1. With a 1.4 Å probe and all protein chains kept in place, how much accessible area does residue 158 have, in Å² rounded to the nearest 10?
2. Take peptides 559-566, 127-134, 581-588, 466-473 and line them up by average Cβ neighbours within 10 Å, highest first, as a rough protection proxy.
3. Under a crude label model (7 Å from the Cα following the beta-carbon direction), how far is residue 323 from residue 107 in nanometres?
4. For segment 71-175, what % of the accessible area comes from carbon and sulfur atoms, probe 1.4 Å?
5. Residue separation times 0.36 nm, minus the C-alpha to C-alpha distance between residue 154 and residue 621: what's the value?
6. Whole-Hz Karplus ³J(HN,Hα) for segment 510-519, in order, using 6.51 cos²θ - 1.76 cosθ + 1.60 and θ = phi - 60°, x for Gly and Pro?
7. If you build the convex hull over the alpha carbons only and average its shadow over all orientations, what do you get for segment 67-117? Give it in nm² to one decimal.
8. Between residue 521 and residue 168, 0.36 nm times their residue separation minus their Cα-Cα distance comes to what?
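The values are calculated or read from the model by the stated rules, or taken from the named source; none is laboratory data. For clarity, every value in this text was computed on a predicted model and none was experimentally measured. In this analysis, Cβ positions are derived from the backbone assuming ideal geometry, glycine residues included, and neighbour counts consider all displayed protein chains. Areas reflect the complete protein model, heavy atoms only, side chains present, ligands, DNA and RNA absent. Shrake-Rupley method; radii C 1.70, N 1.55, O 1.52, S 1.80 Å.
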Amino acid sequence: MPSPAKTKYDIDIKEKTNKGSSSKKYSLFWLITALLVAMVVFPLVSFAIRAINISKDYLEDTLIERQLKTTMSAASHIETIIKTPEKKLKTLAASFEIYSSEPNVEEKYSDLIEHGILDLISSQDMPIAGFMSKNGDKVITDKIISQSDRAAIEPVLWQAARESLKLNGFYSSKVIMINLNITTDSGEGTGEGSSNKAIQLVPIKFYATVLRNKGEPAASLVTMANLSEIENALVGYGKEFDFLITDFQGHLLIKTDAKNSSTNQEPSNTNKENFSINQDLSTHPIVQWALKKVDTTKQFQATSTSAKTKSAGEVTVTCVPINNVGLLLFSYVPKSRFFATISALQNQSVFWISGSIVVALLFGIFFTKKITKPLSILTQQSKKIANLAEQGKKIDEENWENTKAEIKTKNEVGELAEAFNLMISQIQKYVQEVETYAEENKQLFMSSIGAVVNAIDAKDPYTKGHSARVSALSLAIAKEYGFDEAGLRTVKIASLLHDVGKIGIEDRILRKPGALTDEEFEIMKTHPSKGAEILGSIPQMREMIPGIKHHHERWAGGGYPDGLKGSDIPVIARIVGIADAFDAMTTDRPYQKAMTFEMAVNRIRELTPKVYDPLVTEAFYKAYKTGIFQKLLKMVEEKKN
């Protein structure tokens with residue numbers, strides 16, 4: 001049976017009289033017209049924005065052109081820096097090559113080395129140089145490098161020498177990053193005695209060239225170049241742009257930040273990318289696009305693009321390959337930094353235009369309130385009524401006064417409010433009638449159930465009051481189990497009618513004072529199915545029938561009528577089953593004497609989980625421990641008497 005209406009509208013509204021209806025009214029048309037007049041300022045805004053955007057486009061084009069030229073110049077400078085150690089090494093090799101036809105070339109090489117020829121290229125930028133014969137004899141000069149640095153560098157240095165011997169020509173390594181003890185003042189080198197040393201991650205590159213004797217490789221000259229000068233060189237180009245140098249795999253080797261041209265200070269960290277040396281930038285938007293071009297075209301020309309980053313926002317990026325050294329030079333500038341002046345101009349324009357708009361719209365706001373305020377009142381009052389109905393609250397005199405739409409305007413909105421109040425009044429009357437009928441139907445329904453229960457109890461004098469007691473116990477268990485109000489109502493009705501099928505059982509079996517025969521018990525076992533059949537034609541009993549039909553099923557199986565087990569048994573049936581068993585155990589029957597409550601509780605716990613659901617048994621036990629069973633059964637007995 002459907003739930004009766006929970007909300008009652010107790011409305012007593014007086015219909016508004018025609019007093020003042022002859023007053024002059026104004027149309028909403030003129031209010032809307034006033035708002036449209038205020039909108040004429042928007043063409044002015046559009047024009048200003050368009051003009052600023054055109055200026056930004058022009059400046060961006062000039063930025064890209066200037067950025068491209070600057071980056072290409074910087075790339076050329078860097079290429080020169082990287083090629084310088086190569087030229088020095090080849091010049092030094094020429095001093096050895098004059099003996100290339102001599103039979104005792106090894107002795108000539110030794111004389112040159114003993115006279116300190118390797119020291120000619122040893123400097124801050126080329127801190128280590130070495131000589132290795134094809135037999136593996138090695139000589140190294142490292143006057144300006146520490147022993148700890150030498151230990152790390154030497155294996156790579158000699159590997160470069162071996163590569164040149166293998167190639168029988170010139171060899172240069174990739175640029176790699178290593179930690180070196182670098183002086184922080186004007187002192188020379190990184191030797192053990194140098195002052196103000198600091199360990200820094202610096203870019204280095206190894207160069208090696210072969211020395212030939214009659215065309216065959218006889219030895220190799222090798223050096224390591226410190227390319228830190230590249231960073232200093234980039235600073236001169238970085239008044240506007242940030243620079244990055246990566247290899248073709250996207251690993252960051254060198255970076256510099258833009259300097260303010262007037263203060264020589266770095267820009268603030270706001271909207272700034274924070275990169276670290278050796279960081280993999282292959283997936284970063286500033287670098288990723290260029291690496292894709294390198295992979296697909298194998299040849300890469302200087303080009304520019306735009307990219308969007310998390311920290312700096314949208315940036316303009318230019319990439320120029322540094323020829324023949326396997327490096328890419330990136331310059332980038334956040335558009336927010338470059339367009340700061342334009343943004344300031346734009347902000348000023350927005351400020352003045354906004355001021356004009358505010359003044360122009362003051363009148364529009366005034367007229368808008370004339371429309372929105374009464375409409376808001378109608379909306380709020382509608383929500384109040386809806387909320388009260390949803391919460392199941394009765395609208396009494398005080399609540400109804402709060403739901404009135406008091407609108408004094410003399411236009412179409414005022415007429416709408418009058419119609420709204422009249423509509424609510426009619427709805428209230430209808431709801432009152434529906435609630436009255438629903439309450440009557442509910443009482444009739446429950447009275448009918450009570451009559452059926454009395455008829456069931458009358459058929460079996462030994463179980464008089466049984467249905468009411470089972471219902472009280474089932475409700476207590478269901479509450480502990482967590483049923484809501486709707487569920488509790490279903491449990492109440494199902495438990496009251498759980499034995500309704502006994503109406504279809506012969507009186508000789510129901511009233512038999514002794515134990516039933518097997519044949520009689522089989523007939524008695526049909527009463528759950530008979531109950532389901534009796535109530536099956538009533539749509540309102542659809543939710544209750546599972547609890548009636550299956551309250552004799554067993555958790556482990558073997559019950560009746562369908563032999564269900566486990567969670568296949570409806571939970572309502574599991575609850576009614578325990579309540580039914582408890583009442584049967586604690587009341588005198590022709591075939592057994594009543595147990596005490598404690599004995600019955602222990603017996604039910606013993607039969608769990610063979611007969612009863614452990615979770616329902618737990619809820620049953622919790623309810624029992626509260627002492628509610630004694631109170632409920634006492635109340636049932638008092639009502640019966």
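1. Residue 158 has an accessible surface of roughly 10 Å² with all protein chains in place.
2. Details: 559-566: 15.8, 127-134: 23.0, 581-588: 18.9, 466-473: 24.8.
In descending order of packing, they fall as 466-473, 127-134, 581-588, 559-566.
3. Modelled inter-label distance: 4.6 nm.
4. On the way: 2730 of 5320 Å².
After summing per-atom areas, the C and S share lands at 51 percent.
5. 159.9 nm
6. Per-residue couplings from phi come out as 5, 8, 4, x, x, 5, 7, 6, 4, 5 Hz.
7. 4.4
8. On the way: separation 353, 0.36 × 353 = 127.08 nm, distance 10.83 nm.
Roughly 116.3 nm would be gained on extension.
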